[in-house]
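S.K.: Take a look at this one; I'll ask things after.
The values are calculated or read from the model by the stated rules, or taken from the named source; none is laboratory data. As the structure is a prediction and not an experimental result, all values here were calculated from the model. Cβ placement follows ideal geometry from the backbone for every residue including glycine, while neighbour counts extend to all protein chains displayed. The accessibility values were calculated without ligands, DNA or RNA, using every heavy atom of the protein model including side chains. Shrake-Rupley method; radii C 1.70, N 1.55, O 1.52, S 1.80 Å.
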Amino acid sequence: MQDRLIPFDRVLNFRDFGGWETADGARVARGKLYRSAAFNDATEADLAKLDAMALRFLVDLRRPEERAHEPNKWVSEACRHIFNDDGARGPALPPHLIALMQSDLTPQSTRDYMMALYREIPFDPRLIRLYRDWFAELGEGGAGVIHCAAGKDRTGIGCALTLLALGVDEDAVFADYEFTNAAVDLESRMPRIQARMEERLGKKLNPEALKPMLGVEIDYLRQALNVIEAKHGSALAYMETVLGVGAVDRAALKQKLSG
């Protein structure tokens, strides 16, 4: 798994999520599908490295207020940047920081918040439009990157749906998702993350209560897939009904992204 991780100075969790074997014995191409955290802290060396990767498109899943607070430093005429500012309200605390304002913040309350978040993400109209854009761009060919702030939740669901659409086994889908915990080296980064959150919120936080929010758990993604299946019967039916990615589209994607 470590060979999927592409090291940058200040861009976190950037990795190739291709290369997985599919149910029909094929393999998803490497060098086409990338996932990442945001680029707001990118160094000049990071920007040069991104420029050299020949990425054709980027889908930024962050909300308008996130993009305003931490603007993307990477601008490239060769790479189409896609975002959605529907519902722009100006600067505001993101939902995960609002959740941390609870007076009874505990590891369990944070985990409950994450489970609720994963029930909501697949049906968020703004994210649905961005997921549709992601699949549409994949259909056009070339290499792309999908990201949010940490590259784990909104991005994690988008990547899971992508791999499922390509016929990747569910165990591999969960393995790719869970690799975030190793990719970001959460234990070593926790003090810095906690300090930044405390500065923004103006209150002390319990590091044990933060952990369920800063990493990923298999149960989170399972929760998202469960609500998708409960409402649409299967992830593939959801993709066809909600994202407009039907059997013909999936077959075309498999052909374009076969390695």
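S.K.: Can you give me the solvent accessible area of M239 with a 1.4 Å probe, rounded to the nearest 10 Å²?
M.R.: Roughly 0 Å² of M239 is accessible to a 1.4 Å probe.
S.K.: At 1.4 Å probe radius, can you tell me the per residue accessible area of segment 140-245 in Å²? Display every interim value, and only then the final one.
M.R.: Details: 4040 Å² over 106 residues.
On a per-residue basis, 38 Å².
S.K.: How high is the relative contact order of the chain, given as a whole-number percent (alpha carbon pairs under 8 Å, six or more residues apart)? Each step should come with its number before you reach the end.
M.R.: Working: 384 pairs, mean separation 66.5, N = 259.
Dividing the mean separation by the residue count of the chain yields 26 percent.
S.K.: How long is the gain from T43 to S109 if the chain were fully straight, where each residue apart is worth 0.36 nm and the alpha carbon distance is subtracted? The partial results should precede the final answer.
M.R.: Details: separation 66, 0.36 × 66 = 23.76 nm, distance 3.57 nm.
So the chain would gain 20.2 nm between T43 and S109.
S.K.: Order of 161-172, 66-77 by packing, highest average Cβ count within 10 Å first? Each step should come with its number before you reach the end.
M.R.: Working: 161-172: 19.9, 66-77: 14.5.
Order by mean packing, descending: 161-172, 66-77.
S.K.: Suppose only helical runs count, i.e. DSSP H with n ≥ 4. What mean residue ellipticity at 222 nm does that imply for the chain under -39500 (n - 2.57) per run, divided by all residues and rounded to the nearest 500 deg cm²/dmol?
M.R.: Working: 13 runs with 130 residues, N = 259.
Value at 222 nm, helices only, nearest 500: -14500 deg cm²/dmol.
S.K.: Suppose we keep just the DSSP beta bridges with both residues in the chain; what percent of those would be antiparallel, to 5? If you can, show how the numbers build up before the last one.
M.R.: Numbers: 6 of 18 bridges.
Of those bridges, close to 35 percent are antiparallel.
S.K.: Taking the dipole about the Cα centre of the chain, with the C-beta of Lys and Arg at +1 and of Asp and Glu at -1, give me whichever of I6, M197, V28 is farthest to the positive side.
M.R.: Sorting the options by dipole projection puts first M197.
S.K.: Given the convex hull of the Cα atoms of segment 9-79, what is a quarter of its surface area in nm²? Spell out each step's value before the answer.
M.R.: Details: hull surface 22.6 nm².
Result: 5.6 nm².
S.K.: With a 1.4 Å probe and all protein chains kept in place, how much accessible area does Y113 have, in Å² rounded to the nearest 10?
M.R.: 50
S.K.: Now, a different point. Suppose all protein chains stay in the model; what accessible area per residue would a 1.4 Å probe give for segment 6-101, in Å²? Present the calculation step by step, with values, prior to reporting the outcome.
M.R.: On the way: 4530 Å² over 96 residues.
Accessible area per residue, segment 6-101: 47 Å².
S.K.: Above 23 angstrom, tally the Cα pairs of the chain and express them as a % of all pairs, no decimals. Kindly include the intermediate steps, with their values, before the conclusion.
M.R.: Working: 16824 of 33411 pairs.
Here the tail beyond 23 Å accounts for 50 percent of pairs.
S.K.: Please work out the C-alpha center-to-center distance from segment 203-259 to segment 123-184 and express it in whole Å.
M.R.: Centre-to-centre (Cα) distance: 7 Å.
S.K.: I would also like to ask the following. Report, to the nearest whole %, how much of the accessible area of the chain belongs to carbon and sulfur atoms, 1.4 Å probe, protein only. Walk me through the intermediate numbers first.
M.R.: Details: 5980 of 11570 Å².
Ligands and nucleic acids excluded, carbon and sulfur reach 52 percent.
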